[in-house]
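Read the structure below first, then the notes.
The values are calculated or read from the model by the stated rules, or taken from the named source; none is laboratory data. Note that the coordinates shown come from a computational prediction; the quantities given were computed from them, not determined experimentally. All Cβ positions, glycine included, derive from the backbone under ideal geometry; neighbour counts span all protein chains shown.
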Amino acid sequence: MSLPLPLEPGTLLDGCYIVSTLINRGGFGAVYRGINTGESNQPCAIKETYDVTPSARRQALTEASILFTVRSKHLPQIYDAFGANGRFYLVMQLIEGENLLQMLKTLGRPCSEEEVITWLLPIMQVLQELHSRTPAVIHRDIKPGNIILTPDQTAVLVEPAVGYLFHSSHHVFPVDHEAPTLIGQSQPVGRIGSAPRPQSGSITEGRAYPS
């Protein structure tokens, strides 16, 4: 199955996000460099999801709602989430650097134990905080290619792939399932609480130019 055509540089999303260059793409979506014109042309990363079925939309919304509540230099900050032209978009902090898979290929040797502990222990601590929530939040895509080492040697887990909510009742809910929410009330997962732009949690249906 052929992939959808990538967005053209200069495409305007939701009235304020300008698509720049393609960073990466796969069967489920793509990630672009972008510019937020509503925040003094701040650089950002724009994650595009091709699948907008109800299940995929709920999963994307839940990933965003969880990450809106996390403030850590080891995870990208989420700025906005919206739908446009039958696609779903997350606007995130742009993390510059080299992922660990690329770095291993460049080095041509394994990293030292000290290096690995220095880079990954802070990420493990963030994941422990997510696992300690009620319901617990379980990340589903931790791998070297999704961990970027910034120029100041900070490791950042860049893929917002929250896969499951584990409730104290010992039930595991996929993120597109109706499950207890992060604030302790039982309701369908799928709407993010509001916050000021550019960290808006409300989900909007925008337009992309050129369409």
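Looking only at the range 1-27, filter to residues that are in a strand (DSSP E or B) and in contact (Cβ under 8 Å) with a residue 24 or more places away in the chain; which one of those is farthest from Q93 (Cα to Cα)?
The selected residue is L12.
I want to confirm something. Restricting to the range 37-86 and keeping residues that are among the charged types (D, E, K, R) and touching a residue at least 60 places away in the same chain (Cβ under 8 Å), which single residue is nearest to L120 (Cα to Cα)?
K73
Filter the range 28-74 for residues that are part of a loop (DSSP other than H, G, I, E, B) and touching a strand residue (DSSP E or B) at 6+ places or on another chain (Cβ under 6 Å); which is farthest from W119 (Cα to Cα)?
The extreme case among them is V52.
Answer with yes or no whether S55 is at pLDDT below 90 and buried (at least 16 other Cβ atoms within 10 Å of the Cβ).
Taking the combined requirement at face value, the residue does not satisfy it.
Tell me whether the range 37-45 contains one or more residues that are crowded, with 20+ Cβ neighbours inside 10 Å, more than 30 Å from I138 (Cα to Cα) and hydroxyl-bearing (S, T, Y).
No, because not a single residue in the range 37-45 is crowded, with 20+ Cβ neighbours inside 10 Å, more than 30 Å from I138 (Cα to Cα) and hydroxyl-bearing (S, T, Y).
Name the single residue that is nearest to the chain's Cα centre (by Cα) among those in the range 21-36 being surrounded by 18 or more Cβ atoms within 10 Å (Cβ to Cβ), under 20 Å from G86 (Cα atoms) and not aromatic (F, W, Y).
V31
Could you list, in sequence order, all residues of the range 105-130 that are charged (D, E, K, R) and not in a helix (DSSP H, G or I)?
R109
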